[in-house]
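The values are calculated or read from the model by the stated rules, or taken from the named source; none is laboratory data. A quick note: this is a predicted structure, and the numbers were derived from the prediction, not measured. All Cβ positions, glycine included, derive from the backbone under ideal geometry; neighbour counts span all protein chains shown. Accessible surface is based on the protein model in full, side chains and every heavy atom, while ligands, DNA and RNA are left aside. Shrake-Rupley method; radii C 1.70, N 1.55, O 1.52, S 1.80 Å.
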Amino acid sequence: MQNLLRLSALLSLLALAAACSTNPATGEQSFTAFMSEADEARVGAEEHPKLVKESGGEYKFPQVQTYVDWVGEKLAKVSDLPDLKFKFTVLDDARINAYALPGGYVHITRGLVALAENEAEMAGVLAHEIGHVTARHTAQRYSAAMATNLGLLGASILGSVFGVPGDINRLAGQVGQIYLQSYSREQELEADMLAVRYMTRAGYDPQALESFFRKMAQHTSISQRVRGLPDTDPADNIMSTHPRTADRIAQAIRLSNVAKADNARLGRDDYLDRINGMLWGDSPEQGVVNGRTFEHADLKFRFEVPPGFTIINTPTQVSAHGPGKAIILFNMLRKQEAQRLGDVRTYVTSWAGGRLTNVERLTINGLNAATGAARLDTSEGSRDVRLVAIQASGEHVYRLLFLTPPHATQSLGEDLRRTTYSFRRLSDAEARAIQPLKLRVVTAAAGDTPEDLASRMPLEKFGLDWFLALNGLSPGERLKAGERIKIVAR
Ligand SMILES: [Zn+2]
């Protein structure tokens, strides 16, 4: 609801602004009816901390942040808005994504930094986002959304809160914020063209856009298979917010009409030095997935999902996808909400407008809890829904939501009950023993194969696929002795 109010307030505030403006990057007139440059700066400054918070916060690893600043500023200086003060933020998010907000706020996830293989690839992503800012796509998107799309946006925002299941895919995926909406194909092509220009002016080889695109495609494919889904774009991947194809990137390189820089910089060794030791996968503050177990070192709890379920951890919630479209969602109640709550039974009784029945109290490994169930209609069809709320301390209330298609509820019942009762507090020693995964740069020895190195990585599944994607290798490709490569280690 807050988001809706904010948007409509903006709408009335900005409605008097000029209907068209000249685009600094393209020289064309564009529709930015609701936003002047001063509005852009203000909206960016307002939205930036929210985006950071929803994406897991800032990733505090100075050797990476200072590097991103250095590369980003080199590109910004040769962009079409050289005087705009850009701000570059690395997000503590393992997914592969990048976002731009109006006013020069550029964000990339640490997952993206870990996936790129050289400075030029990262520069390509930053230059692309800078292109969205200088071509004022973010402002156009805001204006278009506010003019035509308010109702629709409101619906997706409401669906993203852990309330009544509306659109399950969205619920199980990520928030539907305005800045996560896709750009149009024309805007993507324009951002790629501008990226090629800025990269070339800053001395990078624009082919890096293509090599990074291939890595993203590999990553998308693994992420989908991890979820047991077909090999198409997941909702929370960079490809859904920046829809592109390899052809389009090649087209952008042709259309940009710039001569390739002599001795164009790839910066592979510098890049590998900088990213060596950074987090890979879950961060300890957001909990760690270990096979079917989810453990949280700071909040000191763990639970386990049934065999056949795969856990996906994102900054705002944990989901597990199982057989027959069964989904388990897990998250924590906001502090203020939990304090207001008083009692978990009252909470479960009033959830989703009091639609749950058979509400009862439970004790789960010594913790007060309550549960209730109902059959609800959702956009994906009928679902049996069971909510379990667990009071772990005065201010920490955890929620497990089980969503099963009615035909699967009976057969999964015992497994899901076991998940509920697997929830328990961790001892201090157990919490200390939780070790996140790190990215390490090593040198291949003579005779090392991708299969050997992948099998030494502490990953349950898809080790070889991750190894190939991280190093931009194709299946069957050999390693050269003395070559520096990325591996995942504890
Ligand atoms: Zn884009």
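Matching residues to (1) among the basic types (K, R); (2) open to solvent by 40 Å² or more (accessible area, probe 1.4 Å); (3) in a helix (DSSP H, G or I); (4) within 30 Å of A429 (Cβ to Cβ):
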{"site": "A259", "(1), (2), (3), (4)": "no, yes, no, no"}
{"site": "D282", "(1), (2), (3), (4)": "no, no, no, yes"}
{"site": "E295", "(1), (2), (3), (4)": "no, no, no, yes"}
{"site": "D298", "(1), (2), (3), (4)": "no, yes, no, yes"}
{"site": "P306", "(1), (2), (3), (4)": "no, no, no, yes"}
{"site": "I312", "(1), (2), (3), (4)": "no, no, no, yes"}
{"site": "T316", "(1), (2), (3), (4)": "no, yes, no, yes"}
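Being out of contact with any Cys (no Cβ under 9 Å at 6 or more places or on another chain), more than 20 Å from I312 (Cβ to Cβ) and open to solvent by less than 90 Å² (accessible area, probe 1.4 Å) is a description that does not apply to S422. Annotation note: of S393, S382, S411, the sole residue that is among the hydroxyl-bearing types (S, T, Y) and assigned to a loop (DSSP other than H, G, I, E, B) is S393. Considering the conditions (1) within 30 Å of L468 (Cβ to Cβ); (2) under 30 Å from the mean Cα position of the chain (by Cα); (3) open to solvent by 10 Å² or more (accessible area, probe 1.4 Å); (4) of a type in the set (A, V, I, L, M), A445 is excluded by exactly one of them, (2).
Only residues that are in a helix (DSSP H, G or I) and among the basic types (K, R): list them for segment 414-455, please.
If we filter segment 414-455 for residues that are in a helix (DSSP H, G or I), which is where we start, we get 414-422, 428-432, 450-455.
Of everything in segment 414-455, those that are in a helix (DSSP H, G or I) and among the basic types (K, R) turn out to be R417, R418, R432.
Residues in segment 319-327 include none that are surrounded by fewer than 21 Cβ atoms within 10 Å (Cβ to Cβ), assigned to a loop (DSSP other than H, G, I, E, B) and of a type in the set (D, E, K, R).
Close contacts from segment 404-422, counting a first residue that is within 20 Å of L362 (Cβ to Cβ) and without any contact (Cβ under 8 Å) to a residue 60 or more places away in the chain and a second that is in a helix (DSSP H, G or I) and among the aliphatic types (A, V, I, L, M), with Cβ to Cβ under 9 Å and a gap of 6+ residues or different chains, come to T409/L416. Of the listed requirements (1) more than 22 Å from the chain's Cα centre (by Cα); (2) open to solvent by 10 Å² or more (accessible area, probe 1.4 Å), P450 misses just one: (2). Would you mind stating whether I96 is closer than 17 Å to L209 by Cβ, outside any helix (DSSP H, G or I), touching a residue at least 60 places away in the same chain (Cβ under 8 Å) and open to solvent by less than 40 Å² (accessible area, probe 1.4 Å)? The answer is yes for I96.
The lone criterion from (1) open to solvent by 60 Å² or more (accessible area, probe 1.4 Å); (2) within 30 Å of R340 (Cβ to Cβ); (3) of a type in the set (A, V, I, L, M, F, W, C) left unmet by V397 is number (1).
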